[in-house]
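Student: Here it is, the structure in full.
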Amino acid sequence: MKRKRVMAAVAVASALAVGLTACGGGGGSSSNNTAGGASGFNAGADKVVNPSDAKGGVIKMANSGDWDSLDPGDTYYAYSWNFVRLYGRSLVTFQSAPGAEGAKLVPDLAESLGKPSDDSKTWTYKLRSGVKFEDGKTVTSKDVKYAVERSLDKTVFPNGPTYFNDYLDLGDYKTPYSDPTPDKLGLKAIETPDDSTIVFHLKTAFSGFDYFAMLPSTIPVEQAKDTGSKYKEHVVSTGPYMFKENNLGKNFTLVRNPQWDQKTDPVRKALPDEYDVSLNVNADDIDNRLLSGDLDVDIAGSGVQAAAQGKILSDQAKKANADDPTVARLWYTSINGDVAPLDNVHCRKAVEYAADKTGYLAAYGGQTGGQVATNMMPPIIPGAESFNTYETPNNAGDPAKAKQELQACGKADGFETNISYRAERPKEKAAAEALQQSLSKAGIKLTIKPFPTGDYYKLYAGKPDYAKSNNLGLMINGWGADWPDGFGFLSQIVDSRVIRASGGNTNLSVKDPAVDALIDKALTTTDTSAREKVWVDVDKKVMDDAYTLPGLWSKGLLYRPPHLTNVFVSNGYQMYDYLALGVKK
Amino acid sequence: MTAPMEVPGDAVQAEPEAVLAGMGKAIEGRSLRQIAWLRLKRDRVAMAGGVVVVILVVAAAVAFVLDRVFGLIPTTQFNQPLIDPDLQIPKGVFGGLSVDHPLGVEPVNGRDLLARIFAGSWVSLLIAFLSTVVSVVIGTVLGVIAGFFGGWVDTLISRLMDVFLAFPLLLFSLALAGVVPDNAFGLSGDALRIALLIFIIGFFNWSYIGRIIRGQTLSLREREFVDAARSLGARAPHILFRELLPNLAAPILVYSTLLIPTNVLFESALSYLGVGVRPPTPTWGGMLSDATQYYQIDPEFMLVPGIAIFITVLAFNLFGDGLRDALDPRAR
């Protein structure tokens, strides 16, 4: 989910933890699956902990930061996409189920998943009947169309994703706020032939459109109640909960929405009576309150702080109430083919062989912080395959093999280059130092160069001519998927056509026409399993090119207080599923 | 009291010197410098600070020779077997104290803390010393000129001081770090970064001492000895550097000793923002900022550089205070 999500993750990500080398078994899962549901460390990762259908109670949540916006059309945080479903229903959503099942799309406001036609350039959805706004008005396809139209306006709503802007056949349509048609529904790319049907027309074929229909910007918005950038103060609910009180930047309360009908909604359980959410709470304070039972959920869902992690891992009773799920995020290093001698594939391969990935993993917190990544796509993405193009003993690097590649590259004595990282991120610094250490054994001498985090992509590593002229041969990088799918994970980091000379790139190094061609093939493949295989081919080709050095697939240590019921991690959002939660009174 | 009425005659004629000589002491004229030194010697706290300062400087010099000339200090040696694989912090208490690692090791990679603190001392102190020299030289020269000449020269220099005081130093240093290439001014690597830090810290801190010196000069130039020198035909440079400057030695010395600890701390702030000396070269400030994420679990990592900076700052401050008291007793 672009940089924001990565940044949010890093702010809260785990600092300490486990495991270095060989014996990787310590602290594994010890889940016992009894009739009363699962329990134990990591039980929530793929099973339901404390299953319950008991309604009532209040769930208390806290956020160490603040939402980018509560407006469904203007939000780009994973936790927000998870949480927004309590007060809004998008056309499609992730199934509320533990583990891999949670990464499957199911119809929500729509009756079924999208029906493609015209070679996947047209997508049609039928809406469920009987869905109402909190004011009693029935939801129609026009409300969905209006919601998507307004989300196109990036001056009013700058935070949300731009997939509809990029893929819909917009013509010269800009925004409903300057739309001359009387009903403000002048966008030709979306048709509403009747009140329960909505049809999307795309510029290019796109086989994964259901993921776009999952975006919160398809949550219907009543045109009469739309107040533009102020809509976030009171979003009109279509879900089981509605806003009772909303003090922006401080706290808000959700209570039951009387107009919501369980019969129209197979996805949501709606167990608690109320949600109390506090904002801008100190992160360590959130952890301490979670551990004492005063708080139920850390809404950011990216893991506890280093201090709490130490407390949890060293106490078996607390550890049994924690989960350490893998998330769809890769920490890696881009290898810049613009910089000599890395323009030679053998020199890049020398880097791949020389790197000690156990040191890379240690820098990000060891075994609790992630698992060694041998290729790009995280294993929790449906269809992803783990393979290792550059096998080294225990992933600890192989200087001898690296030297062979250096010979082939014509740099038998090694070479010098720079490695960049974000100055305010101690983990990236530790990773850079670890790479410097391990690469020096093969004769590759790295000079470490920190850059300010805020401008890392805009002015430095993400600006091709700067990176080239300053010899940034290696650039520490990280990426989290917008959704667990090959397109959501890979498209922004390996497609050379997304690289802009003006900077702000997230693809720092992968420039291969063969990769681009494979991506185009994936976009037009409608069959899901065939498409997943194409994305694996993309992954393999990128690794063959050696433009990236994968470091680790990230994990986050989550804590679930024992009184929380129906707890499980959904692979859709890689955190606790907020639709299912309940609480013991 | 039954003293005889008559006293021996030779005693009456005795000279005072002879009396004193009989007591084993000769009267001698003491220079101002000697008086100050005597006062300083009597101030035990200041002397203790001074001794620590000398030890630190010697240690830093030794560290420089061992580290840069002989490469004997293992600052970048990873010791990952010493790290607890479950918590990623050193095994054992207090950061893994042991005979091999008397101050423990760093979390994550297990580098020896003593080696890094020792090697870091020369980087931190060198930057602090030289940047202080830069500010003091610029500040003194401009302050004396402004104070002595007055008029438009004073106005110009004083406004310049205001500009430097209002300068957004951190933003500037962040920008500079991105602009300065790897090789510049015939320097590269650590040498260039250290030179850059000295320039940034020194060049943008001169206005504070400049103001103090200007104020002192304003009062000094009205004194009789300046008038005397002028009436004897002395020119401005002579008055500035032979008459005024020696009388400014006290504030300059005192301010320098107080500026050094400030600069140690400033270097750590810059290191934290990524403008400082680049890893893996250790500096105290850099080690301290690395420790912030571990202090709740492994305080040793923060204590070691923290105590090193604390001792340095305290020693310089105590010595500086004592020096001021000794040179200017009225300020007591």
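Student: Using amide H atoms built in the peptide plane, which far-off residues or other-chain residues are under 5 Å from B:ARG111 H to H?
Tutor: Here B:ASN79, B:GLU106 satisfy the definition.
Student: Further, regarding this structure: Could you work out the local net charge near A:TRP331, counting Lys and Arg as +1, Asp and Glu as -1, over the other residues with Cβ closer than 10 Å to its Cβ?
Tutor: Here the count lands on +1.
Student: For the pairs A:LYS319/A:LYS584; A:LYS184/A:LYS458; A:LYS403/A:LYS555; A:LYS104/A:LYS555; A:LYS104/A:LYS541; A:LYS429/A:LYS555, note any where the Cα-Cα span goes beyond 28 Å.
Tutor: A:LYS184/A:LYS458; A:LYS403/A:LYS555
Student: Further question on the same structure: Using DSSP, restrict attention to beta bridges with both residues in chain A and report what percent are antiparallel, rounded to the nearest 5.
Tutor: If I count the DSSP bridges inside chain A, around 75 percent turn out antiparallel.
Student: Quick query: amide H of A:SER52 versus all other amide H atoms, modeled in the peptide plane; which residues come in under 5 Å with a sequence gap of 5 or more or a different chain?
Tutor: Those qualifying (amide H under 5 Å, at least 5 residues apart or on another chain) are A:ASN566.
Student: A further question on this structure: Under DSSP H, which helices of chain B have Cα atoms covering 24 Å or more of the helix axis and a Kyte-Doolittle average no less than 0.0?
Tutor: B:44-64, B:113-149, B:245-272, B:300-327
Student: Anyone know which of B:THR140, B:THR155, B:THR75 comes out most mobile in the 10 Å Cα GNM of chain B?
Tutor: With Cα springs under 10 Å in chain B, the top fluctuation among B:THR140, B:THR155, B:THR75 is at B:THR155.
Student: Identify which of B:ASN205, B:ASN263, B:ASN109 has the largest mean-square fluctuation in a Gaussian network model of chain B, with springs joining Cα atoms closer than 10 Å.
Tutor: Of B:ASN205, B:ASN263, B:ASN109, the Gaussian network model singles out B:ASN109 as fluctuating most.
Student: Given only helices, namely DSSP H runs of n ≥ 4 each adding -39500 (n - 2.57), what is the per-residue ellipticity at 222 nm of chain A, to the nearest 500 deg cm²/dmol?
Tutor: -7500 deg cm²/dmol
Student: With contacts defined as alpha carbon pairs under 8 Å and 6 or more residues apart, what's the relative contact order of chain A in percent?
Tutor: 23 percent
Student: Treating cross-link reach as a plain straight distance, find the lysines whose alpha-carbon is under 19 Å from the alpha-carbon of A:LYS463, omitting any fewer than eight places away in the same chain.
Tutor: Reachable lysines: A:LYS2, A:LYS4, A:LYS449, A:LYS511.
Student: To continue, here is another question. Assigning unit charges at the beta carbon (Lys, Arg +1; Asp, Glu -1) and nothing else, what dipole magnitude in debye, to the nearest 20, does chain A show about its Cα centre?
Tutor: 680 debye
Student: Treating the angle as unsigned and between 0 and 90°, give the value, to the nearest 10°, between the Cα long axis of helix A:528-545 and the longest Cα principal axis of chain A.
Tutor: 30 degrees
Student: Let me ask something additional. Chain A: Rg/Rh from Cα coordinates, Kirkwood Rh?
Tutor: Reported Rg/Rh, Kirkwood definition of Rh: 0.97.
Student: I've got another one for you. So how do B:ILE307, B:ILE73 line up by other beta-carbon neighbours within 10 Å, fewest first?
Tutor: B:ILE307, B:ILE73
Student: Please give the net charge around A:ALA384, taking every other residue with its beta carbon less than 9 angstrom from that of A:ALA384, where Lys and Arg add +1 and Asp and Glu add -1.
Tutor: Taking every Cβ under 9 Å from that of A:ALA384, the sum is -3.
Student: Report the equivalent ellipsoid semi-axes for the stretch A:38-187 in whole Å, largest first, defined as the square roots of five times the eigenvalues of the gyration tensor built from alpha carbon atoms.
Tutor: Over the Cα atoms of the stretch A:38-187, the ellipsoid semi-axes are 32, 19, 17 Å.
Student: OK, next. Which one of B:PHE301, B:PRO261, B:THR155 has its Cα pushed farthest toward the positive end of the charge dipole of the stretch B:40-331, where Lys and Arg give +1 and Asp and Glu give -1 at the Cβ?
Tutor: Working it through, the farthest residue towards the positive pole turns out to be B:THR155.
Student: With charges set only on the Cβ (+1 for Lys and Arg, -1 for Asp and Glu), what does the dipole of the stretch B:202-311 come to about its Cα centre, in debye to the nearest 20?
Tutor: In total the dipole reaches around 640 debye.
Student: Helix-derived [θ] at 222 nm for chain B: sum -39500 (n - 2.57) over DSSP H runs of at least 4, divide by residue count, nearest 500?
Tutor: My calculation for chain B gives -21000 deg cm²/dmol from helical runs alone.
Student: What list do you get for B:SER256, A:SER438, A:SER529, A:SER229 if you sort them by fewest beta carbons within 10 Å?
Tutor: Sorted ascending by nearby Cβ count, the order is A:SER529, A:SER229, B:SER256, A:SER438.
Student: Let me ask something else. Can you put A:LYS411, A:LYS463, A:LYS145, A:LYS318 in order, fewest other beta carbons within 10 Å first?
Tutor: If I rank by nearby Cβ atoms, fewest first, I get A:LYS318, A:LYS411, A:LYS463, A:LYS145.
Student: Translational D (Stokes-Einstein, µm²/s) of chain B at 20 °C and 1.002 mPa s when Rh comes from the Kirkwood sum over C-alpha pairs?
Tutor: Result for D is 91 µm²/s.
Student: Using modelled backbone amide H atoms (1.01 Å from N, in-plane), which distant-in-sequence or interchain residues come within less than 5 Å of A:VAL583's amide H?
Tutor: A:THR565
Student: Could I ask something else about it? Can you give the relative contact order of chain B as a percent, counting alpha carbon pairs under 8 Å and 6+ residues apart?
Tutor: Dividing the mean separation by the residue count of chain B yields 24 percent.
Student: Could you tell me how many degrees, from 0 to 90 and to the nearest 10, lie between the Cα long axis of helix A:513-524 and the main elongation axis, the longest principal axis, of the Cα atoms of chain A?
Tutor: Long axis of A:513-524 versus the principal axis of chain A: about 20 degrees.
Student: Springs between alpha-carbon pairs under 10 angstrom, Gaussian network model over chain B: which of B:GLY186, B:GLY71, B:GLY151 fluctuates most?
Tutor: With Cα springs under 10 Å in chain B, the top fluctuation among B:GLY186, B:GLY71, B:GLY151 is at B:GLY186.
Student: Assign unit charges at the C-beta atoms only (+1 for Lys and Arg, -1 for Asp and Glu), then state the dipole size of the stretch A:326-555 relative to its Cα centre in Debye, rounded to the nearest 20.
Tutor: Computed about the Cα centre, the dipole is about 520 debye.
Read the figures in this text as sums done on the coordinates, not as results from a lab. Quantities reported herein were computed from a predicted structural model and do not represent experimental measurements. Neighbour counts run over all protein chains shown; Cβ positions are idealised from the backbone, glycine included.
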